[in-house]
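Read the structure below first, then the notes.
Every read-out reported here was derived from the displayed coordinates using simple, explicitly stated rules and does not represent laboratory data. None of these values were measured; they are calculated from a predicted model. Glycine gets a Cβ as well: all are built from the backbone with ideal geometry, and neighbour counts include every protein chain shown.
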Amino acid sequence: MLQLTAIESGYRDLIVLHRIDLEVRAGEIVALIGANGAGKTTLARTVAGLLPVRHGEIRLAGHPVERLPPWARIRLGMAHAPEGRQVVSGLTVRDNLRLGAYALRRQHNETSISERIAAVCELFPPLRERLDGAAGNLSGGQQQMLAIARALMVDPKLLVLDEPSLGLAPTLVAEIFRLIDRLRANGIAILLSEQNAQMTLAIADRAYVIETGRIALQGSGRELLGRPEIVERYLGIGADAAAHRRTSEARHARLVRGLSEIFDA
């Protein structure tokens with residue numbers, strides 16, 4: 001669904017990403033984890049077309065898109081829910097959702113847009129109750145729901161999610177991750193950039209660890225959860241490798257049980 005080859009990108013004269021190779025297959029969650037400033041958001045913005053590619057190639061469902069503007073990538077099946085939500089607070093929830101379909105406005109009439117709003121509200125029942133209220137009056141968790149719902153208005157094949165749990169209370173974080181799992185079950189490929197490494201690795205089919213703009217490690221979510229250096233650096237668990245080896249399997253089992261309860265709730 002998405003393939004990056006030797007991607008370099010950044011801001012003005014600053015190169016942030018260095019020869020990034022990455023792929024997202026249809027119907028899977030691929031996670032990006034790393035510290036603040038590692039390049040996760042830069043990568044998400046580059047994939048979405050908000051930053052120029054200095055070198056390399058991006059393919060979406062086989063089509064080269066690295067030179068295409070964001071709206072053209074949307075028309076090919078990509079959507080982006082940016083870091084910080086970026087909802088238009090002075091507009092209603094309904095109008096924010098309508099903005100999500102703007103790039104496809106020539107393909108949809110009022111009836112089809114209304115049907116799409118109804119469809120995304122099935123995933124986000126709290127938004128249905130607030131459609132005619134100002135987006136700025138929503139809670140932080142509801143605004144994050146709106147940001148994702150707005151991206152889903154184009155019925156994407158690939159969804160790029162940048163820090164969807166940022167600033168949310170733990171109960172709302174669980175709700176957002178439960179939704180992401182449901183989107184995968186609906187067949188949407190997801191590139192998930194997140195600082196919550198524990199929950200991200202637990203839900204991801206595969207993951208890439210990014211450090212100083214380079215891919216440092218990659219593997220399945222379960223595999224990376226079991227690696228001492230990942231647990232120590234990103235999950236805040238002790239540095240004793242021997243102690244980690246004795247406890248990692250039990251810790252992983254508890255995590256999976258806990259997440260299963262969240263996703264099955």
Summing +1 per Lys or Arg and -1 per Asp or Glu among the other residues with Cβ less than 14 Å from THR42's Cβ gives +1
Contact order relative to length for the chain, counting C-alpha pairs under 8 Å separated by 6 or more residues, stands in percent at 25 percent
Most exposed first, judged by fewest Cβ atoms within 10 angstrom, LYS40, LYS157 run LYS157, LYS40
Checking rank on 114-121, 63-70, with mean other Cβ inside 10 Å and highest first, the result is 114-121, 63-70
If every Lys and Arg gets +1 and every Asp and Glu gets -1 at its Cβ, then about the Cα centre the range 2-264 yields a dipole, in debye to the nearest 20, of 320 debye
Per the charge dipole of the chain (beta-carbon charges, Lys/Arg positive, Asp/Glu negative, Cα centre), the residue among HIS55, ILE148, LEU168 reaching farthest to the positive end is HIS55
If R0 = 25 Å, then ALA6 and ALA216, at their Cβ-Cβ distance, give a FRET efficiency to the nearest 0.05 of 0.95
